[in-house]
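Notes for the one structure printed next.
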Amino acid sequence: MKVEVLGTTFNINSYTNEQTIQTTLLSGAVKVTPLAGSLGKDKVRHKVLVPGQTAILTKPEAQSEPTLTVTESIDPGKVTAWKNGLFNFDGVDLYSVMRQLERWYNIEVHYLGKPENVIFKGKMHRNTNLLDVLKVLETMDVDFELKGNVLIVK
């Protein structure tokens, strides 16, 4: 995705372990354009965001093309929590939380079977020790085992 800044405050979430690339506009304007050819010859288009909107580009799977959609944004404070040194887990599912923990604590998460997809609430400081984060996860009935830098979620 190409993001053209038109005088603004915005956030981009683009990680290899996520299924989407998200650009959220807080103020000003940005123009988002899928890279040439990523949506097929007839579907390449751009979107100009207004404050409060998020452009979501889904990454293609083997049999599908990526899609670009624009939605009204979630809480802007949630999108930029990282900037304030926080994890904001309000309404976030288990798998999304685990992807964030993988990136932040440089761990690998493995799943034993298919754990129940718990929805989390609350915020935590990003400077919190991993073991303390795991204690909080236990209160949400998440069963896990930490072996070195591998977290096994059961």
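Quick note: the coordinates plus some simple rules give every number you see, no bench work behind them. The structure displayed is predicted, hence computed values, not measured ones. Quick reminder, even Gly has a Cβ in these numbers, built from the backbone with ideal geometry, and neighbours come from all protein chains shown.
Couplings for the stretch 139-152, taken from phi via the Karplus curve 6.51 cos²θ - 1.76 cosθ + 1.60 with θ = phi - 60°, read 5, 9, 6, 8, 9, 8, 9, 9, 10, x, 9, 10, 9, 9 Hz in order; Gly and Pro are left as x. Ranked by the mean number of other Cβ atoms within 10 Å of their residues, highest first, the peptides 113-124, 81-92 come out as 81-92, 113-124. Close amide H pairs (under 5 Å, H built 1.01 Å from N) link residue 26 with 9, 10, 11, 52, residues at least 5 positions away or on another chain.
Arrange 12, 107 by Cβ neighbour counts within 10 Å, fewest through most, would you?
So the ranking, lowest neighbour count to highest, is 12, 107.
In the structure shown, the pairs 31/59; 114/147; 121/147; 78/123; 59/123; 83/121 are assessed against 21 Å; a Cα-Cα span above that value is assigned to 121/147; 59/123. Coupling constants for the stretch 13-25 follow from the phi torsions by the Karplus curve (6.51 cos²θ - 1.76 cosθ + 1.60, θ = phi - 60°), and in residue order they are 10, 9, 10, 5, 8, 10, 7, 9, 10, 10, 10, 10, 9 Hz; glycine and proline get x.
Take every Cα pair under 8 Å in the stretch 41-154 that's 6+ residues apart, average their separations, divide by the length, and report that relative contact order as a whole percent. Contact order relative to length: 22 percent. Database remark: amide H of residue 109 closer than 5 angstrom to the amide H of 151 (H placed geometrically; neighbours at sequence offset of 5 or more, or on other chains; Pro and chain starts carry no H).
Residue 116 sits among other residues whose Cβ lies under 12 Å from its own Cβ, and their net charge, with Lys and Arg +1 and Asp and Glu -1, is -1. About its Cα centre, the dipole of the stretch 97-150 is roughly 300 debye, where the only charges are +1 on Lys and Arg Cβ and -1 on Asp and Glu Cβ. With the dipole of the chain worked out from charges on the C-beta (+1 for Lys and Arg, -1 for Asp and Glu) around the Cα centre, which of 94, 137, 27 lies farthest toward the positive end? So the residue furthest toward the plus end is 27. Counting other Cβ atoms within 10 Å as a rough exposure proxy, the listed residues 79, 30, 50 run 50, 79, 30 from fewest neighbours to most. Distances between placed amide hydrogens fall under 5 Å for residue 86 paired with 126, all partners being 5 or more residues away or on another chain. Magnitude of the charge dipole for the chain, about its Cα centre and with charges confined to Cβ atoms of Lys, Arg (+1) and Asp, Glu (-1), is about 540 debye.
Rounded to the nearest 10 degrees, the angle from helix 94-105 to the longest Cα principal axis of the chain is 90 degrees. Helical content of the chain, expressed as a calculated mean residue ellipticity at 222 nm, amounts to -4500 deg cm²/dmol (DSSP H runs of 4 or more residues, -39,500 (n - 2.57) each, divided by residue number, nearest 500).
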